[in-house]
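Coordinate-derived values only; no laboratory data. Predicted model, so just to flag it, every value in this text is computed and none were measured. Every residue, glycine as well, gets a Cβ built from its backbone with ideal geometry; the counts of neighbours run over all protein chains shown.
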Amino acid sequence: MQPAQRIAALRREIRHHEECYYVLDAPEIPDADFDALMLELARLEAAHPELLTADSPTQRVGGRVDSAFATVTHAEPMLSLDNAYSDEDLAAFDERVRKGLSTATETVERVTYVAELKIDGLSMALTYEDGLLVRGATRGDGVHGEEVTANVRTIRAIPLRLDGPVPARLEVRGEVYLPRASFERINQERGASGEPLFANPRNAAAGTMRHLEPALVARRRLGAFMYQLVVPPPPAVAGTDAPLFDAPPPPEGDTTTHADTLRRLVSWGLPVEPHWRRCDGLDDLVAFCGEWRERRRSLPFDTDGVVIKVDDLASRARLGTTSKFPRWAIAFKFPAEQKITRLLRIEVNVGRTGAVTPFAVLDPVSVAGSTISMATLHNPEDVARKDIRAGDWVVVEKAGDVIPRVVGPVLERRPADAVPWQMPTACPRCGAVLQPPEDEVVWRCENTSCPARLQRGLEHFASRAAMNIEGLGESLVAQLIAAGLVRDYADLYALTADQLAALTSSSTRSDGKVIERTLGVKNAAKVIGQIDRSRTNPLWRLVFALGIRHIGERSAQVLSQAFHSMPAIAAASEGALQSTPEIGPVLAHA
Ligand code: IVH
């Protein structure tokens, strides 16, 4: 056999086994045989470099990515989904859909849906050109994402080349996730080497996808499931700039339902979560959601609900979308998991606006896949109303990515000496007298240089939505404040790499050993580079980053558009601010 033929045969065979192993979870050959095929292919390619192509399975792991990922604009926004938390919410959704599809002459009595498991990972958009994977991008804010192609290529469930005739250009969207077993293995390794643990598989997957070292990403063994196809509207010939549309009116003989789309994705060799089901009307939907509430625990990956989608693509087009969500789909969230544990004490946290909020320090307990040792108590009023006391046994709950919360005390188990909790009268960080709320329920530390406020303020300033300074997170901010290097936002811009490199942090390992660590020269340079890059951010990011009360991303954008510069905003009178569209008296005053 000619080398070219043997290489082609090996690639086909390897892809087949990748699919069996990573997509269908049904390997046909032992790992060693698979490795032997890979080795033979790698040897042949090395001997015949002219036959090497980018879609070869030997080419999944590429070199290091540059210091940051490029930003990409999605051809069509990646929408999020509206949520349903109960059977009643599902019924309301079904009613909205039926109403939306009914006409003056015809009432729609029953709609066919597809129910899919909601994979708890991070959404990803894959672009294929002439069947070849050319781009992988994260969802980002839905409009702009990060180009993470090199990392996506390492995911063996994702084909580098699609099978069979495919449109010249297409995008598939889906979820990249970390199987629970991989998550546990990674955390074990991290624990052993003293690194901080990931809170849950989703965070671990998100952290992994943003890694600059594809070889590391490959070792993490991420999985992927696709659930959406976005193709150029027929009959337009696909050019690189042709707009993409979700669910275009199908040409003859082409996909007309979501179920067909899923089958089509499978026929191209893409991974599709196999437990989806066509549901005829509301009762079927409710049954599906009920069935998976417990059954999901037998899956090797985390799911946080069921996504319900209208099956007929033409109906979807008629229903359309709101500014945020498609009207033809909804995410049914499984009810929060609850556990009972001991509330050791109640402490207060000082936020960036000085808001002082109580939280519970708990005897660590595992809930919904993560260990919880703290939970929010919202505000003093809430603590009083539920009469939550230190020493109580309390019900805690956690749903998916939601912050764990204390539901309430188990009164029958209350210790005899438990006393009602009282809000402290002084700020725990700076000692300033705490102001009881007038019209709001929120207590505040009014000291603007309170280190706790500075900490939260700097964290917000550097966050992804604000100045987007990668690497400047909670622990580095704390070190900068403790070292006296940063007293306000402006101080960040005078920092040097040498100052950062010398900072030390300590962490306690699970065996109680305390580990001291410096940031190091390389990481210090990275953070300084990120701070420098942030100088070129658009004005609105800076306005938002300042953390002025009530000024969110949207109002920061509006202000920046109206005033063009920071001095102009600073100089504007309250009246001038108020005459800006969307800026009312509360915002202008703030
Ligand atoms: S469909 C326009 N299907 O859940 C419809 N999303 O809460 C787009 N997700 O952003 C989403 N599994 O990241 C869809 N089977 C599934 C999903 C799924 C997980 C995620 C996705 C989305 C989020 C919305």
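Normalised by 2.2 N^0.38 Å, where N counts its residues, the alpha-carbon radius of gyration of segment 63-157 equals 1.53. Placing R0 at 41 angstrom, the Cβ-Cβ distance between GLU337 and ARG43 gives a FRET efficiency of 0.25 after rounding to 0.05. What the Cα convex hull of segment 285-390 gives, in volume per residue, is 183 Å³. Counting every other Cβ atom within 10 Å of each residue's Cβ, ARG464, ARG169, ARG202 order from fewest to most as ARG464, ARG169, ARG202.
With 0.36 nm allotted per residue and the present C-alpha distance subtracted, the ALA206-THR504 stretch has 104.7 nm of extension available.
In a reduced charge model with +1 at each Lys and Arg Cβ and -1 at each Asp and Glu Cβ, the chain shows a dipole moment near 1140 debye about its Cα centre.
Stokes-Einstein, applied to the Kirkwood radius of segment 407-451 over Cα pairs at a viscosity of 0.890 mPa s and 25 °C, places its translational diffusion at 186 µm² s⁻¹. Centre-to-centre, using Cα atoms only, segment 290-317 and segment 417-440 are separated by 45 Å.
Taking a quarter of the surface of the Cα convex hull of segment 441-558 gives a mean projected area of 9.1 nm². Estimated at 0.36 nm per residue, the fully extended path between LYS386 and GLU189 surpasses their Cα-Cα distance by 66.8 nm.
So if each residue of separation counts as 0.36 nm, and I subtract the Cα-Cα distance between SER463 and LEU132, what length gain in nm does that give? If you can, show how the numbers build up before the last one.
Numbers: separation 331, 0.36 × 331 = 119.16 nm, distance 3.49 nm.
That pair, SER463 and LEU132, stretches by 115.7 nm at full extension.
Normalised radius of gyration (Cα atoms, divided by 2.2 N^0.38 Å) for the chain: 1.08.
Where both bridge residues fall in the chain, DSSP classifies roughly 95% of the beta bridges as antiparallel. With the gyration tensor restricted to C-alpha atoms of segment 333-384, the semi-axes of the equivalent ellipsoid amount to 22, 13, 11 Å, longest first. Charge dipole (Cα centre; +1 on Lys/Arg Cβ, -1 on Asp/Glu Cβ; no other charges) of segment 40-173 amounts to roughly 360 debye. Distance between the C-alpha centres of segment 14-65 and segment 450-522: 42 Å, rounded to the whole angstrom. For the residue pairs LYS339/LYS526; LYS324/LYS398; LYS118/LYS513; LYS324/LYS386; LYS99/LYS324, alpha carbon separations beyond 32 Å are given by LYS339/LYS526; LYS118/LYS513; LYS324/LYS386. The label point for ASP35 and the one for VAL361, both projected 7 Å from the Cα toward the Cβ, are 4.9 nm apart. Cβ crowding within 10 Å, taken as a proxy for footprinting-reagent exposure, orders THR580, THR504 from fewest neighbours to most as THR504, THR580. Legend: ranking of residues ASP89, ASP311, ASP392 from fewest to most surrounding C-beta atoms inside 10 Å; resulting order ASP89, ASP311, ASP392.
Loop-resident trypsin sites (Lys or Arg not before Pro) (DSSP state other than H, G, I, E or B) in segment 484-584 with no more than 11 further Cβ atoms inside 10 Å of their Cβ: LYS513, ARG535.
Take the Cβ-Cβ distance between SER579 and THR107 as r, set R0 to 41 Å, and report the resulting FRET efficiency rounded to the nearest 0.05. Once the sixth-power term is evaluated, E becomes 0.25.
Hull volume per residue, based on the alpha-carbon atoms of segment 1-109 and their convex hull, is 290 Å³.
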